[in-house]
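Contents: one structure, followed by commentary.
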Amino acid sequence: MGASSNVIRFEHVGSVGLIRMDNPPVNAINHAVRAGLADVMTEAANRPGIQVLLLMSAGDVFSAGADIGEFDRPAEEPSQHMVQARIEAARVPVVAAIHGLALGGGLELAMACHYRLAHTTAKLGLPEITLGLIPGAGGTQRLPRLIGARAALDMILSGSPVSAPDAHASGLVDEVVEGDLREAALVFCRRLVAGGLGPRPTCDRSVASERFDEAGIAEALRVHSRALKGRTTQNLVIEALKAASLPFSQGAEVESALAHRSVTTRESQALRHVFSAERESGKVKGITKPAQPPEIRQVAVIGAGTMGSGIAMAFADAGREVTLIDNAEDGLARGRAMIHATYTSSVKRGRIRQSIADESIGRITGSMTLADAANVDLAIEAVFEDIDLKKEVLSSLDPIVPPERPIATNTSTLSITELSRVSAHPGRVLGLHFFAPAHVSRLLEVVRGSDTTPETVATALQVAKVLKKVPVISADAFGFIGNRMMLDGYFREAEQLLLEGALPMQVDRALEAFGFAMGPQRVSDLGGNDVGTKARLQLYKREPRPDPYFVIADRLTELGRLGQKTGRGFYCYKNGSRDALPDPEVKGLIETMSAQRGITRRLISDAEIVERCVLALINLGATVLEEGVAARAADIDVVWTRGYGFPRHLGGPMFYADTVGLGHVAERLRHYHEKLGHYWRPAGLIRRLAASGLSFEQWDSNRNQ
Ligand code: COA
């Protein structure tokens with residue numbers, strides 16, 4: 001069959017020409033797909049006997065969009081525009097039948113077809129904005145022609161896919177089908193032919209533009225303001241959508257120019273960097289993916305505190321059976337109550353349906369005996385952060401859990417190697433550092449002790465996949481990757497700035513304006529100052545730190561100012577509100593601590609606050625790389641954007657360092673080293689890279705060659 005290629009298959013089904021994209025794993029539209037589609041459109045549409053063309057896909061998804069790997073290369077013809085122009089101009093109607101996902105270029109392709117139907121479980125969306133891009137293959141011109149300009153603006157700004165029934169309601173698809181999509185689509189095609197319904201090019205439609213005036217646009221921007229904080233891509237989206245009122249070819253030209261501009265922005269480079277870093281972080285040197293991924297059906301979680309209950313919910317939400325074990329009846333009852341309260345609130349807030357909550361709750365069985373961990377595929381201890389207690393639990397678990405199955409410890413401070421040595425099989429012990437709330441946060445630090453085997457790590461990577469979390473591998477060292485950088489770098493510097501003259505509100509506001517989701521002092525108050533103090537006490541057993549080091553936070557803990565939960569911390573919180581109000585008492589306390597250290601307080605600019613906190617983070621990131629705690633600079637970016645609120649559109653601290661230039665970073669570190677002393681010594685890696693004009697990105701790729 002001349003019209004078929006490796007990735008595009010063609011078959012006659014009576015009068016229907018069935019075109020099938022088959023480009024695993026996600027039918028990304030690359031050059032081969034475009035070339036195949038262009039050929040098939042020319043050839044098949046003109047074949048005698050063909051009265052309608054049906055476009056479908058093999059695999060799990062219709063298409064995840066344009067091939068991201070081709071974005072930074074010069075475009076090779078045929079372009080997607082050319083393919084779509086052929087579809088729209090075809091002599092016979094072209095129908096897209098969508099299953100799984102139609103995202104980005106995948107949806108743009110479907111929108112260029114004359115008719116669309118979707119399986120009821122399918123999702124359709126234009127997620128380009130999450131990559132700092134605007135839809136560049138006609139999306140901003142065809143979507144408003146199908147659903148109206150205002151609805152198109154909302155859909156493009158949100159970047160989230162809509163369900164097939166919603167897509168039907170808005171006019172994006174013509175029909176939603178259940179059951180066998182191929183059969184239903186063939187019936188639809190035959191109906192078109194029988195009804196004499198011909199091609200219906202989307203480009204010929206006009207745009208409904210109600211509520212797409214300045215007020216409507218401002219309203220849409222307000223709705224999406226949280227996700228779009230610090231971003232600029234939305235301006236290009238609006239400009240492109242405005243051009244949809246022009247004749248199609250002119251609007252498409254405007255869109256092309258804006259799309260090219262979006263690809264070259266630093267924002268887009270940063271967002272695409274994080275996208276690929278998140279996919280690379282699960283690929284680890286020396287760890288081969290087993291042909292048969294290890295089964296994770298049954299999990300035991302030991303310790304029904306906040307973390308243990310959160311971890312239990314994470315597995316239950318992923319459809320896994322969980323035994324939640326606690327040796328105290330009231331501990332177990334508290335865990336159960338927390339789990340119920342969490343699901344009740346999720347249902348109330350419309351996040352999940354009651355039936356889904358009930359199913360998850362039903363998968364968690366409480367127990368007071370460790371023997372119930374006998375048949376699990378994975379055991380995770382999440383008891384109180386105390387080395388002796390954890391050792392005791394691990395040594396009791398060791399003979400119970402089958403020896404070939406991993407035992408994980410959820411710790412943020414303790415040595416995995418030391419803990420693993422209580423096991424008769426230390427190779428199966430590893431750290432799984434979950435981030436609170438464990439059932440929500442997408443980050444998972446996988447910590448390898450000295451003895452942890454590659455097989456154990458491979459299972460941990462599979463666990464992350466099951467939980468839909470992004471794994472980052474860390475070596476077993478003080479604070480692992482994230483907390484080490486937070487404590488020795490970012491938060492430490494924030495405290496230092498307080499001692500030198502800033503106040504909590506100024507530090508937080510400056511860093512929030514930079515793009516952090518929440519400033520460091522507000523984060524401390526949210527998590528509990530006592531939690532930080534306790535964690536640091538554990539860490540000091542591994543490595544002490546000289547004064548001043550978190551002296552203010554620790555003093556607040558001593559004073560019972562634990563944060564939001566006690567209504568007072570770095571800030572004051574009135575009547576259970578989350579609004580952080582400045583507290584004169586804290587100001588006085590900080591001033592006293594400055595005086596005790598002989599520091600003359602001074603006015604500090606917001607720019608200095610941001611520069612010092614971010615530079616400290618970068619310097620520690622480089623140290624963590626040099627020490628081999630993290631394997632890739634990109635892994636650090638994943639940790640900080642996923643787990644610590646670093647603005648994703650700046651790409652993470654290491655990508656950000658590259659964008660400002662390591663020469664500049666090194667020079668500023670030297671400046672602060674001279675001014676502030678030893679802890680500002682520039683990391684050797686930064687000095688070396690700066691001297692040879694290299695970036696962290698180049699360092700990563702040189703090491704992976
Ligand atoms: N182009 C090229 N490759 C893509 C891709 C795209 N648009 N979308 C996904 N992939 C690749 C991933 O890199 C990954 O490759 P790997 O196995 O070599 O690491 C593979 O497809 C599977 O993707 P992954 O994200 O790991 O699987 P998932 O099931 O968790 O998610 C998607 C699937 C499609 C939801 C997700 O990959 C996604 O959101 N993709 C981007 C969609 C997008 O933004 N499209 C707009 C571009 S115009």
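The values are calculated or read from the model by the stated rules, or taken from the named source; none is laboratory data. From a predicted model like this one, the values you see are computed outputs, not experimental measurements. Virtual Cβ from ideal backbone geometry, glycine too; neighbours counted across all protein chains shown. Accessible surface is based on the protein model in full, side chains and every heavy atom, while ligands, DNA and RNA are left aside. Shrake-Rupley method; radii C 1.70, N 1.55, O 1.52, S 1.80 Å.
Only one of the listed residues (I364, I416, I380, I387) is within 18 Å of I302 (Cα to Cα), open to solvent by less than 10 Å² (accessible area, probe 1.4 Å) and over 26 Å from the mean Cα position of the chain (by Cα). That residue is I416.
Counting the residues of the stretch 316-345 that are of a type in the set (S, T, N, Q) and under 17 Å from R363 (Cα atoms) gives 3.
Being at positive phi and open to solvent by 30 Å² or more (accessible area, probe 1.4 Å) is true for just one of G159, G230. Which residue is that? That would be G230, the only listed residue that is at positive phi and open to solvent by 30 Å² or more (accessible area, probe 1.4 Å). Within the bounds of the stretch 435-447, is there any residue that is at pLDDT 95 or above and over 21 Å from the mean Cα position of the chain (by Cα)? No, every residue in the stretch 435-447 fails to be at pLDDT 95 or above and over 21 Å from the mean Cα position of the chain (by Cα).
When S256, S225, S281 are checked against the criterion of being in contact (Cβ under 8 Å) with a residue 12 or more places away in the chain and either under 22 Å from G105 (Cα atoms) or away from the ligand (no atom under 16 Å from the Cβ) (or both), a single residue qualifies: S256.
Cβ separations smaller than 9 Å between residues 6+ apart or across chains give the following pairs from the stretch 491-512 residues that are without any contact (Cβ under 8 Å) to a residue 24 or more places away in the chain to residues that are buried (at least 24 other Cβ atoms within 10 Å of the Cβ) and assigned to a helix (DSSP H, G or I): E512/R522. From S450, S474, grab the single residue that is assigned to a strand (DSSP E or B) and over 24 Å from R597 (Cβ atoms). Only one candidate passes the filter, namely S474.
Suppose the filter is surrounded by 23 or more Cβ atoms within 10 Å (Cβ to Cβ), away from the ligand (no atom under 16 Å from the Cβ) and of a type outside the set (F, W, Y); does V301 pass it? Considered against the rule, which asks whether it is surrounded by 23 or more Cβ atoms within 10 Å (Cβ to Cβ), away from the ligand (no atom under 16 Å from the Cβ) and of a type outside the set (F, W, Y), V301 comes out as yes.
Screening A184 against (1) outside any helix (DSSP H, G or I); (2) open to solvent by 10 Å² or more (accessible area, probe 1.4 Å); (3) away from the ligand (no atom under 16 Å from the Cβ) leaves a single unmet condition, (1). Tally the residues that are in contact with a helix residue (DSSP H, G or I) (Cβ under 8 Å, 6 or more places away or on another chain) and more than 15 Å from the ligand (Cβ to nearest atom), restricting the search to the stretch 149-166. Residues meeting the conditions: 6.
Where helices (runs of 4 or more DSSP H) fall wholly inside the stretch 237-319, the ranges with 2 or more residues that are over 30 Å from R205 (Cα atoms) and hydrophobic (A, V, I, L, M, F, W, C) are 266-280, 306-317.
When D67 is tested against (1) touching a Leu at 6+ places or on another chain (Cβ under 8 Å); (2) surrounded by 18 or more Cβ atoms within 10 Å (Cβ to Cβ), exactly one condition is not met: (1).
Of all residues in the stretch 120-130, those being open to solvent by 10 Å² or more (accessible area, probe 1.4 Å), near the ligand (Cβ under 10 Å from one of its atoms) and over 18 Å from N27 (Cβ atoms) number 1. Checking every residue in the stretch 169-180 against the condition of being in a helix (DSSP H, G or I) and crowded, with 19+ Cβ neighbours inside 10 Å gives zero matches.
Condition (residue is open to solvent by less than 70 Å² (accessible area, probe 1.4 Å), modelled with pLDDT under 95 and either closer than 24 Å to E381 by Cβ or within 16 Å of the ligand (Cβ to nearest atom) (or both)) applied to the stretch 314-321: is it met by at least one residue? Within the stretch 314-321, none of the residues are open to solvent by less than 70 Å² (accessible area, probe 1.4 Å), modelled with pLDDT under 95 and either closer than 24 Å to E381 by Cβ or within 16 Å of the ligand (Cβ to nearest atom) (or both).
Of all residues in the stretch 1-27 being open to solvent by 20 Å² or more (accessible area, probe 1.4 Å), more than 16 Å from the ligand (Cβ to nearest atom) and within 15 Å of M56 (Cβ to Cβ), which is modelled with the lowest pLDDT? Looking at residues that are open to solvent by 20 Å² or more (accessible area, probe 1.4 Å), more than 16 Å from the ligand (Cβ to nearest atom) and within 15 Å of M56 (Cβ to Cβ), I get S4. The set of residues in the stretch 146-168 being among the small types (G, A, S), assigned to a loop (DSSP other than H, G, I, E, B) and within 19 Å of the chain's Cα centre (by Cα) consists of G159, S160. Cβ-Cβ distances below 8 Å connect the following pairs, each with a first residue in the stretch 49-75 that is among the β-branched types (V, I, T), a second residue that is open to solvent by 50 Å² or more (accessible area, probe 1.4 Å) and near the ligand (Cβ under 8 Å from one of its atoms), and a separation of six or more residues or different chains: V61/V26; V61/L101; I68/F275; I68/S276. Among the residues of the stretch 135-145, the one identified as away from the ligand (no atom under 16 Å from the Cβ) and either under 13 Å from E88 (Cβ atoms) or not in a helix (DSSP H, G or I) (or both) is R145. Can you find a residue in the stretch 335-348 that is surrounded by fewer than 18 Cβ atoms within 10 Å (Cβ to Cβ) and polar (S, T, N, Q)? The answer is yes; a qualifying residue exists. Restricting L324, L258, L271 to those that are out of contact with any Asp or Glu (no Cβ under 8 Å at 6 or more places or on another chain), open to solvent by less than 20 Å² (accessible area, probe 1.4 Å), under 30 Å from D658 (Cβ atoms) and aliphatic (A, V, I, L, M) reduces the list to L271. Taking the listed residues S206, S276, the one that is within 16 Å of the ligand (Cβ to nearest atom), open to solvent by 30 Å² or more (accessible area, probe 1.4 Å) and in contact (Cβ under 8 Å) with a residue 12 or more places away in the chain is S276, with no other qualifying.
When you scan the stretch 80-102, do you find a residue that is small (G, A, S), at pLDDT 95 or above, open to solvent by less than 50 Å² (accessible area, probe 1.4 Å) and within 30 Å of E239 (Cβ to Cβ), even just one? The answer is yes; a qualifying residue exists.
Looking at E558, E591, can you tell me which residue is closer than 22 Å to L676 by Cβ, acidic (D, E) and free of Cβ contacts under 8 Å to residues at least 40 places away in the same chain? None of the others qualify; the one that does is E591.
One residue alone among T264, T288, T306 is more than 16 Å from the ligand (Cβ to nearest atom), open to solvent by 30 Å² or more (accessible area, probe 1.4 Å), of a type in the set (V, I, T) and over 21 Å from the mean Cα position of the chain (by Cα), and that residue is T306.
What helices (runs of 4 or more DSSP H) lie completely within the stretch 610-705 and have 1 or more residues being of a type in the set (G, A, S) and either surrounded by 18 or more Cβ atoms within 10 Å (Cβ to Cβ) or touching an Asp or Glu at 6+ places or on another chain (Cβ under 6 Å) (or both)? The helices (runs of 4 or more DSSP H) meeting that bar are 633-643, 653-660, 662-676, 684-691.
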